[in-house]
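Down below is the structure, laid out as structure tokens.
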Amino acid sequence: VSQSRYGAEQSIYSEADFRKFEVDKLPKWKEPPKMVAGLDPSFTNGGDRTILYFVEYGRTDEAGPTVCLKEAVTLREDVNDPQPRNFQIAKKVMTECSGRGVPAEYLAVDATGAGDPLCDIISEVWPPRILRVKFGEKPSDLPTSSTSGIMAKDKYSNRVTELWFGGVECMRSGQLKGISPELARELTSRKYTTVGGGKLVVESKRDYKSRTGKSPDLADAAFVALELYRDWE
């Protein structure tokens, strides 16, 4: 365990927990699930890839409301297309989502920094009902779990930390399934530490990339999609 400026750095997820909670298994749905999507644009927060992650949301007999991570699509700019990059990506998002039956209101986007203008463009080419998620904002007033009275704003230092730890709670409740080996590598390699006041904070994307050589774009896109699940529940 390495030492940060504030305290010991630890991994948020572990392979042992993945095995224990069988996150690679597919759920047995009580009824056909909804398909939702999360977008992590490459130019926000130091990312390298534009990832659109498709996630199924439904209910099972074993765990109740459950999410299953289905498919990550990498969106790339066409250098031969005269349209600006943002418009290209916005149209690709609409095309990929529409092809899977995902309406605009079932799309969540990391709107951190330069992500906001992309959200504006998506709203121009598609109905303006997407969910904007800003990683650097303050945590919400939601409880950290279904069994805890502690609010996220009292435990986490920012929104992205809340999202990453929210996935932990889903996993431990048997409500998070479909984690691929590539996604698992990103999840287990991101660290967190404790800052002033005892709040938790995940490693910044810039520090993660400096340490590992890549950005956790798959995981960030997945957690943006999971925010729709949290918003509905």
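The figures follow:
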| quantity | calculated |
| --- | --- |
| nm² value of the averaged projected area, convex hull over the Cα atoms of region 92-209 | 8.9 nm² |
| Value of Rg to Rh for region 112-156 (Rh from inverse mean 1/r over Cα pairs, i.e. Kirkwood) | 1.17 |
| As computed over the chain, the Cα convex hull volume per residue (Å³) | 124 Å³ |
| Size of charge dipole - region 105-233 - debye, nearest 20, with Cβ of Lys, Arg +1 and Asp, Glu -1, no other charges | 560 debye |
| Region 140-189-region 82-122 distance, computed between alpha-carbon centres (Å) | 25 Å |
| Ser210 - accessible surface, heavy atoms, 1.4 Å probe, Å² rounded to 10 | 100 Å² |
| Exposure rank, largest accessible area first [Arg190, Arg172; 1.4 Å] | Arg172, Arg190 |
| Surface share of carbon and sulfur [accessible, 1.4 angstrom probe, percent] for the chain | 47 percent |
| Charge dipole (debye, nearest 20) of the chain; +1 at Cβ of Lys and Arg, -1 at Cβ of Asp and Glu | 400 debye |
| Cα-based reach from Lys34 at 15 Å (exclusive), listing aspartates and glutamates while leaving out same-chain residues under 8 positions away | Glu56, Glu71, Glu105, Glu227, Asp231, Glu233 |
| The chain: antiparallel DSSP beta bridges as a percent of all, rounded to 5 | 75 percent |
| Whole-number accessible area per residue in Å² for region 46-204, which is evaluated in the context of all protein chains at 1.4 Å | 44 Å² |
| At least 18 Å along the helix axis (C-alpha) and Kyte average at least -1.0, DSSP helices within the chain | 85-99, 159-172, 217-232 |
| Segments 23-33, 197-207 sorted - mean Cβ within 10 Å per residue, highest first | 197-207, 23-33 |
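The values are calculated or read from the model by the stated rules, or taken from the named source; none is laboratory data. Computed from a prediction, not measured in an experiment: that's the story for all the values here. Because the Cβ atoms are built from the backbone with ideal geometry, glycine has one as well, and the counts that use them run over all protein chains shown. Only protein heavy atoms, including side chains, enter the accessible area calculation; ligands, DNA and RNA are left aside. Shrake-Rupley method; radii C 1.70, N 1.55, O 1.52, S 1.80 Å.
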